1. Note down all Cβ pairs under 9 Å where the first residue falls in the stretch 61-72 and is loosely packed, with under 10 Cβ neighbours inside 10 Å, the second is in a helix (DSSP H, G or I), and they're at least six residues apart or on different chains.
2. Among the candidates 18, 29, which residue alone is among the charged types (D, E, K, R), out of contact with any strand residue (DSSP E or B) (no Cβ under 7 Å at 6 or more places or on another chain), modelled with pLDDT under 55 and surrounded by 10 or more Cβ atoms within 10 Å (Cβ to Cβ)?
3. If residue 79 meets every condition in (1) surrounded by 10 or more Cβ atoms within 10 Å (Cβ to Cβ); (2) outside any helix (DSSP H, G or I) apart from one, which number is that one?
Amino acid sequence: MSENINNNNPEMEENGAEQLEQSANVSAEAEEVSSPVADKTSDGKKQKSTQKKPNAFKRFGAWIKNLFRGYKSELGKVVWTPKSELKKSTLLVVLTVAVFGIVIGIVDTTFYYLTDFIAKLI
């Protein structure tokens, strides 16, 4: 069995060489297809494009227009909270801020009078 593996088979070499040639031809054809032929002249120099780009203001305006279309599209996908739940959440936040404000005010006033009392003792 090891003899069969180590033997050089001329048919396999020929098939391998043919396959290499075919793959080289295919890759060369792919490069030719992907290269832009229309942009080059026969002497290899680039041709100038016959189409003019729109001026900068038109391009910028089109860019802004597409930007806002995208925004509108994305905002249409947003699932908005119902008004009743929004009112409840807003009321909860306002009350929580008020309560914490009152607590912080009480603690601040307490520490003010406490430090003032200690300062008078010294």
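The values are calculated or read from the model by the stated rules, or taken from the named source; none is laboratory data. Predicted model only: the values in this text are computed from it and were never measured. We place every Cβ from the backbone using ideal geometry, glycine too, and count neighbours over all the protein chains shown.
1. Within 9 Å, no pair qualifies.
2. Numbers: 18 fails: modelled with pLDDT under 55.
Step by step, each of 18, 29 is checked, and only 29 is among the charged types (D, E, K, R), out of contact with any strand residue (DSSP E or B) (no Cβ under 7 Å at 6 or more places or on another chain), modelled with pLDDT under 55 and surrounded by 10 or more Cβ atoms within 10 Å (Cβ to Cβ).
3. Result: residue 79 fails condition (1) only.
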